[in-house]
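To start, the structure under review is shown below, and the notes come after it.
The values are calculated or read from the model by the stated rules, or taken from the named source; none is laboratory data. The shown structure was predicted, so the numbers you read here are calculated from the model rather than taken from an experiment. Here the Cβ positions follow ideal geometry from the backbone for every residue, glycine too, while neighbour counts run over all protein chains shown.
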Amino acid sequence: MIAFIDGHREAYGVEPICRVLPIAPSTYHARVAQRVDPAKASPRARQDLVLMERIRRVLAANFGVYGARKIWRQLGREGTAVARCTVERLMRRMGLRGAVRGKETKTTMTDKATPCPADKVNRRFRAPHPNALWVSDFTYVATWRGFVYVAFVIDVFARRIVGWRVSRTAHADFVLDALEQALHDRRPLRGGLIHHSDRGGQGGFSWSSQHLSALIAAPHQELRRAFSNRASCAASR
């Protein structure tokens, strides 16, 4: 928000922008004063500046490969008492990260050639009542036995997970299982639900986005068959 005001203050002025945004002009001017004179910053902000310099030093001394955990331990050995979560927060703020072994895992592979359903949400993730808007996605989680994929369906109204599944591979069936679980448990009214997901290449999620109303009352076998017929681009690892 501060950066937005910085970028538009010459054209519109600070006070008019603050009247539109939920921020007081005094708050903005105080941030600008702190930026000019770091001594006016809060104790936490001053401490963050000190820690960020130490994090940069430790990372540079170790060829840029240390992650937050190793930097946190090194700072502890040097006598700097700091929480690990603070190191993680400051590294995110500085855009720093350690070396990652192996190949990064991708859960979404966008296929621009695949037709994409119209976006009925327009990034407005709010719902007036339960079973009005569901959002879906899947990600990967590191465990002691290796990476697993987790698919989930969230009811936007209560921010509650209404369906989920875990799998060792990113195939279409396990994301459909999460969706079927949500439909079976919640029994939404036909025509009253919007289902929103990202535009990935995992077939079931790509096609099912915002097209549930016609299939809510369908049996599970019919639902799975309808999705599976459109899952030709399902990723399999």
Practice prompt. Tell me, please, whether a residue that is within 16 Å of the chain's Cα centre (by Cα) and of a type in the set (Gly, Ala, Ser) can be found in the stretch 152-173.
Written response: no
Worksheet item: Considering the stretch 1-45 alone, what residues qualify as being modelled with pLDDT under 90, of a type in the set (Val, Ile, Thr) and in contact with a helix residue (DSSP H, G or I) (Cβ under 7 Å, 6 or more places away or on another chain)?
Response: Ile2
Worksheet, complete the sentence: The condition of being touching a residue at least 24 places away in the same chain (Cβ under 8 Å) and of a type in the set (A, V, I, L, M, F, W, C) holds, among Val65, Val36, Val50, only for Val65
Discussion item. Can you tell me which of (1) modelled with pLDDT under 85; (2) hydrophobic (A, V, I, L, M, F, W, C); (3) assigned to a loop (DSSP other than H, G, I, E, B) is the one Ala142 doesn't meet?
Written reply: (3)
Practice prompt. Could you grab me the full set of residues in the stretch 72-93 that are outside any loop (DSSP other than H, G, I, E, B), over 17 Å from Asn62 (Cα atoms) and of a type in the set (Val, Ile, Thr)?
Written response: Thr86
Item to complete: Considering each residue of the stretch 1-11, count those that are surrounded by 12 or more Cβ atoms within 10 Å (Cβ to Cβ) and assigned to a helix (DSSP H, G or I), and give that number.
Response: 5
Discussion item. Any residue that is at positive phi and either surrounded by 12 or more Cβ atoms within 10 Å (Cβ to Cβ) or not hydroxyl-bearing (Ser, Thr, Tyr) (or both) - is there at least one of those in the stretch 23-30?
Written reply: no
Worksheet, complete the sentence: Every listed condition ((1) buried (at least 16 other Cβ atoms within 10 Å of the Cβ); (2) outside any strand (DSSP E or B); (3) not polar (S, T, N, Q)) holds for Pro128 save (1)
